[in-house]
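Enquirer: Here it is, the structure, as structure tokens.
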Amino acid sequence: QGHVVESGGGLVQAGDSLRLSCVASGRTFYNIAMGWFRQAPGKEREFVAAIHARSIRTMYADSVKGRYTISRDNAKNTVYLEMNNLKPEDMAVYYCATGRTNWGFRSYEFEYWGQGTQVTVSS
């Protein structure tokens, strides 16, 4: 059984930066993709970013491309999401998830999900 815990959310102003962290356990971390998704009030959960098990590939939603960076430290079983130039429309609960294989970016390609961390952006 996998276990995923996100941290790093908070209240920031538009234009600020924030770094989310996610620690995953219960799986062979270096063999699985990791992803970040988000869900804003009244909206469906959407893909944000994903990273290959060995960091050889990343993918971003168009809405965050150029502002967000996903990275991972396999020695620490941790994946990060660096968010720069935050906008009010980035406000959401951000979820981290473990992949079923070494790569994926669609929600069904992820197996275990965290409880989420709230990111609030004031204008």
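Enquirer: Could you run through segment 12-27 and say how many residues are modelled with pLDDT under 95 and open to solvent by 60 Å² or more (accessible area, probe 1.4 Å)? Quick ask: steps written out before the conclusion?
Expert: Within segment 12-27, the subset modelled with pLDDT under 95 is 25-27.
Going one step further and asking which of them are open to solvent by 60 Å² or more (accessible area, probe 1.4 Å), we end up with 27.
Here the count works out to 1.
Enquirer: Follow-up. Whether any residue in segment 25-36 is part of a strand (DSSP E or B), touching a Gly at 6+ places or on another chain (Cβ under 9 Å), in contact (Cβ under 8 Å) with a residue 40 or more places away in the chain and of a type in the set (A, V, I, L, M) is what I want to check.
Expert: First pass over segment 25-36, keeping only residues part of a strand (DSSP E or B): 25, 34-36.
Filter again for touching a Gly at 6+ places or on another chain (Cβ under 9 Å), leaving 25, 34-35.
Those still in the list that are in contact (Cβ under 8 Å) with a residue 40 or more places away in the chain too: 25, 34-35.
Remaining after also requiring of a type in the set (A, V, I, L, M): 34.
Taking every residue of segment 25-36 in turn, at least one turns out to be part of a strand (DSSP E or B), touching a Gly at 6+ places or on another chain (Cβ under 9 Å), in contact (Cβ under 8 Å) with a residue 40 or more places away in the chain and of a type in the set (A, V, I, L, M).
Enquirer: Looking at segment 89-121, which of the residues that are within 19 Å of ARG19 (Cβ to Cβ) and of a type in the set (Phe, Trp, Tyr) is most open to solvent (accessible area, probe 1.4 Å)?
Expert: This residue is TYR95.
Enquirer: OK, next. Among the candidates THR78, THR101, single out the residue that is touching a residue at least 24 places away in the same chain (Cβ under 8 Å), polar (S, T, N, Q) and either touching a helix residue (DSSP H, G or I) at 6+ places or on another chain (Cβ under 8 Å) or at positive phi (or both). Quick ask: steps written out before the conclusion?
Expert: Values: THR78 fails: either touching a helix residue (DSSP H, G or I) at 6+ places or on another chain (Cβ under 8 Å) or at positive phi (or both).
Residue meeting the stated conditions: THR101.
Enquirer: Among residues belonging to segment 66-88 that are out of contact with any Ser or Thr (no Cβ under 8 Å at 6 or more places or on another chain) and basic (Lys, Arg), point out the one that is most open to solvent (accessible area, probe 1.4 Å).
Expert: This residue is LYS76.
Enquirer: How do the pairs read when you match residues in segment 50-64 that are of a type in the set (D, E, K, R) with residues anywhere that are part of a loop (DSSP other than H, G, I, E, B), using Cβ under 8 Å and keeping only pairs 6 or more apart or on different chains?
Expert: ARG54/ASN102; ARG57/TRP103
Enquirer: Follow-up. ARG54 - would you say it is of a type in the set (Lys, Arg) and surrounded by 14 or more Cβ atoms within 10 Å (Cβ to Cβ)?
Expert: When the stated conditions are applied, ARG54 does not pass them.
Enquirer: Also, quick follow-up: Which ranges mark the strands (runs of 3 or more DSSP E) fully within segment 48-123 that have 3 or more residues being at pLDDT 95 or above, within 15 Å of GLY10 (Cβ to Cβ) and touching a Lys or Arg at 6+ places or on another chain (Cβ under 9 Å)?
Expert: Hits in segment 48-123: 78-83, 92-99.
The values are calculated or read from the model by the stated rules, or taken from the named source; none is laboratory data. Owing to the predicted nature of the structure, the values given are computational and were not obtained by experimental measurement. Reconstructed Cβ throughout: ideal geometry from the backbone, glycine too, with neighbour counts over all protein chains shown. Just the protein is used for accessible areas: all its heavy atoms, side chains included, with ligands, DNA and RNA removed. Shrake-Rupley method; radii C 1.70, N 1.55, O 1.52, S 1.80 Å.
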